[in-house]
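Written below as structure tokens is the structure these notes are about.
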Amino acid sequence: VAPVFTMSITVDVAAIEAGRRLLEESGYRVTTCTNSAEALALIHSTEDQQFDCVICEVSMPVIGGVAIANTCRLCRPRARFLLSSGTVDVLSADSLRILGIAGIVMKPFSSHFLAKAIQRALTGYNP
């Protein structure tokens, strides 16, 4: 099985480290970012850095998760994008589909739930 490269973006340092551990335990290779500028720089970087799936907090300072998703879709059209949020009132399924976002991962989440969400995003299965 080919390795799956993920990028996780959130301002919460403790959450990003916990998320990294969860993903690595599930067999993913993980790159983390704690701010939008860092994430966008990686998304815009050369093809040396591959991302199969990007997971981003909806409410990021300066540039939010939806804007990062739009940039990612333009620069890396094959990468799948998931938003994460701790609030229920984010985006409808129709809005997500229109924006090219594979889904929302509600926090807090388990490693099993996160791995399943990534797998669904990569295979195109969205119930």
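The values are calculated or read from the model by the stated rules, or taken from the named source; none is laboratory data. Only a predicted model underlies this, so the values are computations on that prediction, with no experimental measurement involved. Every residue, glycine among them, receives a Cβ derived from its backbone with ideal geometry; neighbour counts consider all protein chains shown. We work out accessible area using only protein heavy atoms, side chains counted, and drop any ligands, DNA or RNA first. Shrake-Rupley method; radii C 1.70, N 1.55, O 1.52, S 1.80 Å.
Quick one: which residue in Thr71, Thr10, Thr34, Thr87 is of a type in the set (Val, Ile, Thr) and under 11 Å from the mean Cα position of the chain (by Cα)?
Thr10
How about region 2-34: which of its residues are touching a residue at least 24 places away in the same chain (Cβ under 8 Å), surrounded by fewer than 19 Cβ atoms within 10 Å (Cβ to Cβ) and within 18 Å of Arg78 (Cα to Cα)?
Within region 2-34, Pro3, Phe5, Arg29, Val30, Thr31 qualify.
Output the residue which, of all residues in region 35-59 that are outside any loop (DSSP other than H, G, I, E, B) and of a type outside the set (A, V, I, L, M, F, W, C), is most open to solvent (accessible area, probe 1.4 Å).
Filtering first and then ranking leaves His44.
Only residues that are in contact with a Ser or Thr (Cβ under 9 Å, 6 or more places away or on another chain) and either open to solvent by 60 Å² or more (accessible area, probe 1.4 Å) or under 11 Å from Glu57 (Cα atoms) (or both): list them for region 92-108, please. Quick ask: steps written out before the conclusion?
Applying the first criterion (in contact with a Ser or Thr (Cβ under 9 Å, 6 or more places away or on another chain)) to region 92-108 yields 101, 104-107.
Across region 92-108, the qualifying residues are Ile104, Val105, Met106, Lys107.
If only one of Ala69, Ala93 is at pLDDT 90 or above and of a type in the set (Gly, Ala, Ser), which one is it?
Ala69
Can you pull out every residue in region 60-74 that is open to solvent by 20 Å² or more (accessible area, probe 1.4 Å) and closer than 16 Å to His44 by Cβ?
Val62, Ile63, Ala67, Asn70, Thr71, Arg73, Leu74
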